[in-house]
Structure formats: C-alpha cells, structure tokens
C-alpha cells in the first residue's frame, strides 16, 4: 500500500456482515495506519457500568468537578485497561499525537487531570482500549467488505448521541442503513 492510500484520520464503518460482535455497528476513527498495521478508537460504544468519577477515584485524581458528564467508552478489545482520549487539538501536551483535521490522541494521565478540572480539550472521547490490526490485516478486512470508509468530522466524532453515529456515518456517504443486507451470497441468481 502506498503512502497516499493510508487511512489515518478517516472512519471505518462496520458492515452488517461483520462477524465479530465486538465491532457490530461500530464506527472507528483510525489514529494510525501504515505498512506496520493500524490502530483506531471505537467512537460509538459506551461502557455503561463505569463512570468518569469512578475512574478518577481509582486513579487517585482529585479535583473532579461534580457536574462532569464525561462518559467512558469501549475503544476496542486491545489493552482494555488502558485509557485513550481522542480529542480536539485545542489541547496539545507532551505525549499528544496530532492526527488530522484538528483531531489528536493523548494517552497520558495529564489529559485526565485536565478533563477532571475542566481544563481539558473542548471535545473529547475517553475510551478504554483500542482496535488494532497487524500489517495488511485491515486492508484485507476492507477488501472482504467488512468495513466501509467515510471522512471524519467533528460532528461525527464528538456528537453525544452514540446510538445514531453508525447511521450518521452511513448517511454521510450516501447509504441508507435500511438497505444494507446482512446476507452474503449471490443475490438474484436463479435456483
């Protein structure tokens, strides 16, 4: 794959035929994609049983504003005990990776402290874990019609309505989600 075909900074949209239930109806922002593999953050799967306040307490970070409504999300099945903050690039510090289009990724405790005190990035997703692919693996999954691609934008990434992000991503590329089939095979072939 040549440099101009790497997908860093774009979103993957899981097809209904996705065989892995961890990725069913997911939208994944690709933070890195190269000949060495790919890494992304799922942007539409909340973790219902774990709060930001509980995380701050576990990490012994004080100063968490009581009105914080930061949700923790499932970022992917790799390193699920590690936190990643996908965010707007108005917050840039040591350890921040600037990706594309005003989006950055930080995986240090400093960003959590900043978020706890209200001095963090304007827009953010706090995710536990990430999605990762070995060299060539993601490319093969795309060729096998496991994923569609769309351009990322701040609305898609940071909108609060997680339940509709998958639909939003599909309609962004002109696809009606109701018309996607979960069946694989030769449609219309005579018996």
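The values are calculated or read from the model by the stated rules, or taken from the named source; none is laboratory data. What you see is a predicted model; the values in this text were computed from it and never measured. When we count neighbours, we look across all protein chains shown, and the Cβ atoms used for this are built from the backbone with ideal geometry, even at glycine.
Couple of notes before you dig in:
- Selected residue (criterion: surrounded by the most Cβ atoms within 10 Å (Cβ to Cβ)) from residues of region 103-135 that are more than 16 Å from the chain's Cα centre (by Cα) and at pLDDT 95 or above: 135
- Hey, residue 100 crowded, with 18+ Cβ neighbours inside 10 Å and closer than 29 Å to residue 52 by Cα or not: no
- Inter-residue pairs, beta-carbon under 7 Å, first over 20 Å from residue 19 (Cβ atoms) and in region 172-184, second part of a loop (DSSP other than H, G, I, E, B) and at pLDDT below 75, 6+ apart: none
- Of all the residues in region 2-30, those that are in contact with a helix residue (DSSP H, G or I) (Cβ under 6 Å, 6 or more places away or on another chain) and not in a strand (DSSP E or B) number 1.
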